[in-house]
Amino acid sequence: MKSLKVILLALIFALTNIQLSALGKSDEMVIELQAPDSLLSLYFDAIHVDSEIITQDHANDLQRVALFDLNNNGKMRTLNQSEVPEYKKNRSASEWRALGASYVISAWIREQYLTFSVFSSEDDKVCFAEDIKLTGNLNKDRQKIHVFVNNLHKDLFGEDGIYLNKILYTFKTRNVSDPYYATVSEEVYQCDWDGANTKQMTFEKSHCVSPHPVMSKNGEQIEGFFYVSYKIGQPKIFWNKFGEKNAQRLCYIPGNQFMPCMSPKGDKVVFISDAPGNPEIFLQDFKPGVGSVGKPRQIFACKRGVQASPIFSPDGNRVAFVSDKEGSPRIYVMDIPKLGASSSDLKPVLLTKVNRENTKPSWSPDGTKLAYIAKVDGVRQVWIYDFITNQEWQLTHGNSNKENPYWAQNSLHLIFNSVGNESCELYMVNLNQPKSVRIKTEAGVKRFPIWVK
């Protein structure tokens, strides 16, 4: 029993409250990819300003927003000055092709209007154009830039990008009104995909961890989020809708509850509870807009081990989870058992076999991959399990610990946090580009990032 409690503390609280020491700090971490797709190359000329309303500094800020979008979407990249040393207005299509530019973006501001013109060097013509009415307010205008890049993305690739998605995460702060500056709280925050427009989402003055999306009926959209709160002492699961501050409890069973995950259809929630005396997996029926239906039921138990981090498959029929039932924590997959099924009917399959000490699985929305954390040479790294090839491969490298990977809806981008005692940073990476990007600049402990549409 003593060893079980040690494992529980190491596995559960490392994921919810206690931080591992970072072995190094870096704003970028090189990633060795197996077969990166080729990126579409664009040249983006400086935005020219002819206005008494909009300043050149504002235009430069908007261009930086657009460049971030273009260079981190996993589909495109902009050519730098060494590749195109000098802009020539009358450069021919063949000259642009020789420089490697498939498209050339020109932009200018007249009075309050920003005009974009996208020239195709393959077709030798303007293929896309858009006018944007600016406000002069950077927070408002940057949203319009995200919309423009998304429209361009959809025109070129026939699908939306993730520029309009938001990121939920937790941010730990110290209460400055405390005379000893000792009271610490962790709240849920929201930001744009590039880290801008930060907004506080919970106001509990307690520890709030492990946010997860609350889906609307049939999983059509995200209407709120679950989170684990310590405001009554024990960790309990709460949920609320965006724009509302009156959170509701998910269930009222005894003990600690951790790590909620909603099914893609929005009709069920899996979570961990130690109500039976050991951390086990529970399933709660859920009705979007209403809340819990009936009482939760235990769907997996193993007295020989600790269970953690359950997550649904995209079809909602299976669940992946962490268990140390055979020694070291590894990731297993099993079908959701039917009501009344016996324990002998449960057949969890060991998924991760390359490394030990696996945590925090995240299933890609297209169902083809599972991201997770594995310890490699003493450092926690993001790994990928490919369901098509049944192979595991390492995504991140470097000497800093990583945790909490989470897929974007496009099954291309991942977000995760580094791990440290005084500073945890949020990073984004996509499978087609070799470097992760830090998306938040303010210091502090930022953890548990998730994408929301």
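The values are calculated or read from the model by the stated rules, or taken from the named source; none is laboratory data. Quick caveat: nothing in here was measured; it's all calculated off a predicted structure. A quick note on method: Cβ atoms are made from the backbone with ideal geometry, for glycine too, and the neighbour counts reach across all protein chains shown. Ligands, DNA and RNA are excluded from the accessible area calculation, which covers all protein heavy atoms including side chains. Shrake-Rupley method; radii C 1.70, N 1.55, O 1.52, S 1.80 Å.
At-a-glance table
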{"item": "The listed residue being in contact with an Asp or Glu (Cβ under 6 Å, 6 or more places away or on another chain) and under 25 Å from Thr359 (Cβ atoms), out of Asn278, Asn256, Asn317", "result": "Asn256"}
{"item": "Single residue of segment 196-236 satisfying the filter (more than 26 Å from Ser292 (Cβ to Cβ) and touching a helix residue (DSSP H, G or I) at 6+ places or on another chain (Cβ under 9 Å)) that is surrounded by the most Cβ atoms within 10 Å (Cβ to Cβ)", "result": "Ala196"}
{"item": "Residues of segment 335-353 that turn out to be among the polar types (S, T, N, Q) and in a loop (DSSP other than H, G, I, E, B), as a count", "result": "2"}
{"item": "Sole exception among (1) touching a Ser or Thr at 6+ places or on another chain (Cβ under 8 Å); (2) farther than 15 Å from Cys191 by Cα; (3) open to solvent by 10 Å² or more (accessible area, probe 1.4 Å) for Asn410, by number", "result": "(1)"}
{"item": "Given (1) under 30 Å from Met201 (Cα atoms); (2) at pLDDT below 95, number of the condition Glu111 does not satisfy", "result": "(1)"}
{"item": "Number of the exception - Gly266 against (1) within 23 Å of Val382 (Cβ to Cβ); (2) in contact with a helix residue (DSSP H, G or I) (Cβ under 9 Å, 6 or more places away or on another chain); (3) outside any strand (DSSP E or B); (4) of a type in the set (Gly, Ala, Ser)", "result": "(1)"}
{"item": "Test for Val293: is it surrounded by 14 or more Cβ atoms within 10 Å (Cβ to Cβ) and hydrophobic (A, V, I, L, M, F, W, C)", "result": "no"}
{"item": "Flag if Ser423 is in contact (Cβ under 8 Å) with a residue 40 or more places away in the chain, in contact with a Gly (Cβ under 7 Å, 6 or more places away or on another chain) and either open to solvent by 20 Å² or more (accessible area, probe 1.4 Å) or within 20 Å of Asn358 (Cβ to Cβ) (or both)", "result": "yes"}
{"item": "Condition check for Gly100: on the phi > 0 side of the Ramachandran plot and modelled with pLDDT of 95 or more", "result": "no"}
{"item": "Considering residues of segment 354-402 that are part of a loop (DSSP other than H, G, I, E, B) and small (Gly, Ala, Ser) only, the residue surrounded by the most Cβ atoms within 10 Å (Cβ to Cβ)", "result": "Ser364"}
{"item": "From the options Ile388, Ile331, residue that is among the aliphatic types (A, V, I, L, M) and without any contact (Cβ under 8 Å) to a residue 24 or more places away in the chain", "result": "Ile388"}
{"item": "Which numbered condition Ile253 misses (of (1) in a loop (DSSP other than H, G, I, E, B); (2) closer than 17 Å to Gln221 by Cα; (3) not basic (Lys, Arg))", "result": "(2)"}
{"item": "Among residues of segment 428-438, those that are under 24 Å from Met201 (Cα atoms) and open to solvent by less than 10 Å² (accessible area, probe 1.4 Å), counted", "result": "1"}
{"item": "One residue from Pro260, Pro296, Pro288, Pro264 being within 23 Å of the chain's Cα centre (by Cα), modelled with pLDDT of 95 or more and not aliphatic (A, V, I, L, M)", "result": "Pro260"}
{"item": "Residue match in segment 160-169 (condition: of a type in the set (A, V, I, L, M), modelled with pLDDT of 95 or more, open to solvent by 40 Å² or more (accessible area, probe 1.4 Å) and closer than 30 Å to Glu204 by Cβ)", "result": "yes"}
{"item": "Qualifying position, being in contact with a Leu (Cβ under 7 Å, 6 or more places away or on another chain) and touching a residue at least 12 places away in the same chain (Cβ under 8 Å), among Val382, Val376, Val349, Val354", "result": "Val382"}
{"item": "For Glu244: the one exception among (1) of a type in the set (Asp, Glu); (2) surrounded by fewer than 16 Cβ atoms within 10 Å (Cβ to Cβ); (3) closer than 23 Å to Asn404 by Cα", "result": "(3)"}
{"item": "Residue that is surrounded by the most Cβ atoms within 10 Å (Cβ to Cβ), among those in segment 83-106 that are hydrophobic (A, V, I, L, M, F, W, C) and part of a loop (DSSP other than H, G, I, E, B)", "result": "Ala101"}
{"item": "Where a residue in segment 54-67 is more than 16 Å from Ser106 (Cα to Cα) and its partner, wherever it lies, is outside any helix (DSSP H, G or I), with Cβ under 7 Å and at least six apart", "result": "Ile54/Ile109; Ile54/Gln112; Ile54/Leu134; Ile54/Gly136; His58/Gly136"}
{"item": "In segment 129-159, residue least open to solvent (accessible area, probe 1.4 Å) [restricted to those that are in contact with a helix residue (DSSP H, G or I) (Cβ under 6 Å, 6 or more places away or on another chain) and in a strand (DSSP E or B)]", "result": "Ile132"}
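Results for (1) out of contact with any Phe, Trp or Tyr (no Cβ under 7 Å at 6 or more places or on another chain); (2) among the basic types (Lys, Arg); (3) at pLDDT 95 or above, shown as yes or no for each residue.
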residue	(1), (2), (3)
Lys338	yes, yes, no
Ala341	yes, no, no
Ser344	yes, no, no
Lys347	yes, yes, no
Arg356	yes, yes, no
Asp366	yes, no, yes
Tyr372	no, no, yes
